[in-house]
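A quick write-up on the structure given underneath.
The values are calculated or read from the model by the stated rules, or taken from the named source; none is laboratory data. Quantities reported herein were computed from a predicted structural model and do not represent experimental measurements. Methodologically, a virtual Cβ is constructed for each residue, glycine included, from the backbone with ideal geometry; neighbour enumeration extends over all protein chains shown.
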Amino acid sequence: MTSWKKVALCIILNIGLITLGSLIAFSQQASTSAQEQEKVFEGTVKTAVGKYIYMPEAKGLDIIIAGNVEGGVENLIGKQVKISASLLPDKANLAVANSIELKDGTSYRSIYTRSVEPDYSDYFPPSARDQYVALNITAINKPDEWQGKTNVRVYGQLQTSEVKQGTATVPVTHIVIQDKKGKEIARIIVNSITDYARFYISKLRLFDHFWFYLNVKDQVDKKVTAKTKEIFSADVVFCGLY
């Protein structure tokens with residue numbers, strides 16, 4: 001074999017070895033990355049509402065369920081569990097549960113295996129908070145303080161009361177807004193509360209007042225406002241301390 005052929009063959013072999021090494025390294029990195037996305041949390045469930053679970057051991061993360069849990073999700077409150085979950089790069093504070101094992105005596109038994117894709121329709125990402133304008137409502141005769149706004153947040157207290165409608169009595173939920181002295185200023189009619197918002201209300205159970213993130217629906221007629229202090233109706237999509 002002539003010398004130039006030997007040189008060419010060596011170059012080809014070296015390129016092949018470098019390429020093979022790169023592919024192996026990339027494969028190992030991808031495998032490691034995939035493993036890092038899978039986390040196992042072991043501890044006690046403190047809050048469970050709808051398809052969401054909170055446990056202190058999953059620091060900074062809410063866990064979403066995709067499928068059926070034996071006995072129901074909310075039945076897990078106070079129980080010791082082991083949850084294998086995948087972190088979601090595009091949802092920094094959320095992880096989807098792949099499996100759940102319930103502690104039974106000294107061992108664990110499986111009560112859930114992920115079977116479908118998660119439903120994120122009511123999930124409220126932290127980045128969405130900036131899109132909600134904080135209202136400073138000082139009086140019911142100042143509609144400029146709230147009218148014309150669709151995505152708002154208010155600081156108040158959730159209250160459910162019985163209201164007479166015709167011959168029937170029905171429960172109505174309000175967000176009550178008070179001044180610094182605790183005097184009631186206004187009321188917001190709650191049309192609905194998402195599971196994710198209810199989940200956070202449960203997490204905030206030690207607090208009486210917090211921020212409600214609202215999608216405004218309908219303004220209340222001025223005559224009704226004068227009697228009831230109700231100013232508008234809204235859907236609650238999230239709750240928080242800020």
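Residues that are in contact with a helix residue (DSSP H, G or I) (Cβ under 9 Å, 6 or more places away or on another chain) and closer than 20 Å to residue 240 by Cα within region 65-98 comprise 92, 93, listed in sequence order.
Within region 126-148, the residues that satisfy the criterion of being part of a helix (DSSP H, G or I), under 21 Å from the mean Cα position of the chain (by Cα) and either touching a residue at least 24 places away in the same chain (Cβ under 8 Å) or surrounded by 12 or more Cβ atoms within 10 Å (Cβ to Cβ) (or both) are 126, 128, 129.
Restricting attention to region 93-125, which residues are more than 27 Å from residue 214 (Cβ to Cβ) and charged (D, E, K, R)? Those that are more than 27 Å from residue 214 (Cβ to Cβ) and charged (D, E, K, R): 101, 103, 104, 109, 114, 117. Taken as a whole, the structure leaves residue 81 outside the set of residues that are closer than 27 Å to residue 151 by Cβ, assigned by TED's automatic domain parsing to the domain that holds residue 44 and at pLDDT 95 or above. Taking the listed residues 112, 123, the one that is within 18 Å of the chain's Cα centre (by Cα) and at pLDDT 95 or above is 123, with no other qualifying. Residues that are out of contact with any Phe, Trp or Tyr (no Cβ under 9 Å at 6 or more places or on another chain) and part of a loop (DSSP other than H, G, I, E, B) within region 110-125 comprise 114, 115, 116, 117, 118, 119, 120, 121, 125, listed in sequence order. Exactly one residue out of 68, 93 is within 18 Å of the chain's Cα centre (by Cα), surrounded by fewer than 17 Cβ atoms within 10 Å (Cβ to Cβ) and among the polar types (S, T, N, Q): that is 93. Checked against the criterion of being outside any strand (DSSP E or B) and within 27 Å of residue 127 (Cα to Cα), region 208-218 contains one or more residues that satisfy it.
On the stretch given as region 184-207, residues that are in a loop (DSSP other than H, G, I, E, B) and out of contact with any Asp or Glu (no Cβ under 9 Å at 6 or more places or on another chain) total 4. For region 189-199, the criterion of being surrounded by fewer than 16 Cβ atoms within 10 Å (Cβ to Cβ), modelled with pLDDT of 95 or more, not assigned by TED's automatic domain parsing to the domain that holds residue 74 and not acidic (Asp, Glu) is satisfied by at least one residue.
Inside region 221-242, can you point out the residues that are buried (at least 20 other Cβ atoms within 10 Å of the Cβ) and more than 12 Å from residue 190 (Cβ to Cβ)?
231, 238
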